[in-house]
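Enquirer: Take this structure, written in structure tokens, and hold onto it; I'll ask about it next.
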Amino acid sequence: MEHIENNEQFQGLRVNKGISEQPTINPYLNNFKKFKRKVYTISEYVEGILKGNITILGQAVTLIESSRQDHQAIAQEVIEKCLPYAGNSIRIGITGVPGAGKSTSIDAFGMHILKDNNKLAVLAIDPSSEVTKGSILGDKTRMERLSVEKNAFIRPSPSAGSLGGVARKTRDTIILCEAAGFDRIIVETVGVGQSETAVHSMVDFFLLIQLAGTGDELQGIKRGIMEMADGIIINKADGNNIEKARLAQSHFRNALHLFPLPESGWAPQVLTYSGYYEIGIDEVWKMIDEYITFVKENGYFDYRRNAQSKFWMYETINERLKNNFYNDPKVQQELKRCERLVLDSQMSSFAAAGNVLDVYFKHS
């Protein structure tokens, strides 16, 4: 388009010709072939995992976490074939309130574990948003040293709304990690709700991390979590906080005396340490080693593993039944009808539930 300002009648004015409109997509992108992830067969997955291939292990875990039926079918076959090679690790669950220093502690513990030529897998459960269902999955950023170690595998997973914010599929992931040669497994909980119960049902040693000097020592002494803990450590016992940590230590020790001796026969210990300054790490790990030796000698180690396997069998049955129920078209239709009646106060909640269940059982 010619600009009118360049006409001779306008003295001293001139507008340079502009450039043509450029495409919004880089034309050079056409020179690159679209990246396509390699699709592995079941035997390739198993072979890669048994060789300790981290890439294949990570993709297998992705299959476990997938909600697609075809992915689940492949994942279950891979797990079945890896099962004979699993079970040779020490599984440690770590829990504590948000801010207690779980990730920092795992970073310190992990470096200690790797010094003895062990292989460590860290399965960190990230809480999923109830609104968007998304997770930050940023645990690797808080485990700076561990995340670059070749003998460490860190896998943050979304809780995805399962029991207590803990991904049920973590149990299956543990099996694959053990088959891949990882002899130390750490499972980190989100530290809220019932997550401790789920993690306790998949680990050999359950460690509770507490803080001192927050004014919450007595509030933190809750019967359920205290009875599950095989060991309690008071974090951030450094600087001006040392005396407060020792005071909290005595509070927790006194509280443990009020509870009966655990089924394992092990009397839980309470230690102080600093994850940031790595003070007391050796003592914490010595406690864990002593516990594992103790329960292996009295037979509780194998008993607990067997009880956990049975627990997860029933949990899987419950989940499959629940999914089958809510995905049933007739149930969905009856649910909507009964829900309207309940909201209009024309039917009680219990009667509505009975109606829906009757519909399900009649055609199941």
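The values are calculated or read from the model by the stated rules, or taken from the named source; none is laboratory data. This is a predicted model, so every value here is computed, not measured. In this analysis, Cβ positions are derived from the backbone assuming ideal geometry, glycine residues included, and neighbour counts consider all displayed protein chains.
Enquirer: Picking from I292, I242, which residue would you name as being assigned by TED's automatic domain parsing to the domain that holds D172, modelled with pLDDT of 95 or more and surrounded by fewer than 19 Cβ atoms within 10 Å (Cβ to Cβ)? Can you show your working first?
Expert: Working: I242 fails: modelled with pLDDT of 95 or more.
I292 is the lone residue from the list that is assigned by TED's automatic domain parsing to the domain that holds D172, modelled with pLDDT of 95 or more and surrounded by fewer than 19 Cβ atoms within 10 Å (Cβ to Cβ).
Enquirer: Test N254 against the stated conditions and say whether it is assigned by TED's automatic domain parsing to the domain that holds D289 and either under 19 Å from V97 (Cα atoms) or crowded, with 17+ Cβ neighbours inside 10 Å (or both). Let's see the steps before the verdict.
Expert: On the way: assigned by TED's automatic domain parsing to the domain that holds D289: yes; either under 19 Å from V97 (Cα atoms) or crowded, with 17+ Cβ neighbours inside 10 Å (or both): no.
So N254 fails the test.
Enquirer: For N298, all conditions in the list (1) surrounded by 15 or more Cβ atoms within 10 Å (Cβ to Cβ); (2) closer than 16 Å to D230 by Cα hold save one; what is the number of the exception?
Expert: Failed condition: (1).
Enquirer: Within region 159-190, which residues are modelled with pLDDT under 75, of a type outside the set (A, V, I, L, M, F, W, C) and buried (at least 20 other Cβ atoms within 10 Å of the Cβ)? Full working, then the answer.
Expert: Initially, region 159-190 is screened for residues modelled with pLDDT under 75, giving 159-168, 190.
Right, trim to of a type outside the set (A, V, I, L, M, F, W, C) and you get 159, 161-162, 164-165, 168.
Within region 159-190, S159, G165 meet the criteria.
Enquirer: Then there's this: Looking at region 51-86, which of the residues that are outside any helix (DSSP H, G or I) and surrounded by 14 or more Cβ atoms within 10 Å (Cβ to Cβ) is nearest to the chain's Cα centre (by Cα)?
Expert: Here is the first cut: in region 51-86, the ones outside any helix (DSSP H, G or I) are 51-53, 66-68, 86.
If we keep only those that are surrounded by 14 or more Cβ atoms within 10 Å (Cβ to Cβ) as well, we get 52-53, 66, 86.
Details: G52: 21, N53: 21, S66: 14, A86: 19 Å.
Out of the qualifying residues, it is S66.
Enquirer: Follow-up. Out of all the residues in region 210-232, which are aliphatic (A, V, I, L, M) and either at pLDDT below 60 or out of contact with any helix residue (DSSP H, G or I) (no Cβ under 6 Å at 6 or more places or on another chain) (or both)?
Expert: Let us first name the residues in region 210-232 that are aliphatic (A, V, I, L, M), namely 211-212, 218, 221, 225-226, 228-229, 232.
Hits for region 210-232 are L211, L218, I221, M226, A229.
Enquirer: Given the condition in contact with a Phe, Trp or Tyr (Cβ under 7 Å, 6 or more places away or on another chain) and over 21 Å from P262 (Cβ atoms), answer yes or no: does some residue in region 313-327 qualify? Break it down into steps so the answer makes sense when it comes.
Expert: Keep residues of region 313-327 that are in contact with a Phe, Trp or Tyr (Cβ under 7 Å, 6 or more places away or on another chain), which gives 325.
With over 21 Å from P262 (Cβ atoms) added as a condition, the list becomes 325.
The answer is yes, given that some residue of region 313-327 is in contact with a Phe, Trp or Tyr (Cβ under 7 Å, 6 or more places away or on another chain) and over 21 Å from P262 (Cβ atoms).
Enquirer: With the checklist (1) of a type outside the set (K, R); (2) in contact (Cβ under 8 Å) with a residue 12 or more places away in the chain; (3) surrounded by fewer than 11 Cβ atoms within 10 Å (Cβ to Cβ) in hand, flag the one item G275 doesn't pass.
Expert: (3)
Enquirer: Please enumerate the residues belonging to region 110-126 that are part of a helix (DSSP H, G or I), touching a residue at least 60 places away in the same chain (Cβ under 8 Å) and touching a strand residue (DSSP E or B) at 6+ places or on another chain (Cβ under 7 Å). Explain how you work it out, then say what you get.
Expert: Residues of region 110-126 that are part of a helix (DSSP H, G or I), as a first pass: 110-114.
So of that shortlist, the ones also touching a residue at least 60 places away in the same chain (Cβ under 8 Å) come out as 110, 112-113.
Selection gives G110, I113.
Enquirer: Condition check: free of Cβ contacts under 8 Å to residues at least 12 places away in the same chain and out of contact with any His (no Cβ under 9 Å at 6 or more places or on another chain). Does N298 satisfy that?
Expert: On the way: free of Cβ contacts under 8 Å to residues at least 12 places away in the same chain: no; out of contact with any His (no Cβ under 9 Å at 6 or more places or on another chain): yes.
No: the conditions fail for N298.
Enquirer: Now a separate question. Which number in (1) over 19 Å from A198 (Cβ atoms); (2) under 16 Å from the mean Cα position of the chain (by Cα); (3) surrounded by fewer than 16 Cβ atoms within 10 Å (Cβ to Cβ); (4) not small (G, A, S) marks the one condition that P98 misses?
Expert: Evaluating P98 over (1) over 19 Å from A198 (Cβ atoms); (2) under 16 Å from the mean Cα position of the chain (by Cα); (3) surrounded by fewer than 16 Cβ atoms within 10 Å (Cβ to Cβ); (4) not small (G, A, S) leaves (1) as the failure.
Enquirer: Consider I281 carefully, then state whether it is under 26 Å from the mean Cα position of the chain (by Cα) and under 27 Å from L83 (Cα atoms). Even if it seems obvious, please write down each step before you answer.
Expert: Values: under 26 Å from the mean Cα position of the chain (by Cα): yes; under 27 Å from L83 (Cα atoms): no.
No: the conditions fail for I281.
Enquirer: What are the pairs with Cβ atoms under 6 angstrom where one residue, in region 305-317, is exposed (fewer than 13 other Cβ atoms within 10 Å of the Cβ) and the other, located anywhere, is assigned to a helix (DSSP H, G or I) and charged (D, E, K, R)? Sequence gap at least six, or different chains.
Expert: none
Enquirer: Also, quick follow-up: Out of K310, K296, which single residue is charged (D, E, K, R), under 34 Å from the mean Cα position of the chain (by Cα) and farther than 21 Å from W266 by Cα? Outline the logic, then answer.
Expert: Numbers: K296 fails: farther than 21 Å from W266 by Cα.
On inspection, the qualifying residue turns out to be K310.
Enquirer: Somewhere in region 272-286, is a residue touching a helix residue (DSSP H, G or I) at 6+ places or on another chain (Cβ under 7 Å), assigned to a helix (DSSP H, G or I) and at negative phi?
Expert: Taking every residue of region 272-286 in turn, at least one turns out to be touching a helix residue (DSSP H, G or I) at 6+ places or on another chain (Cβ under 7 Å), assigned to a helix (DSSP H, G or I) and at negative phi.
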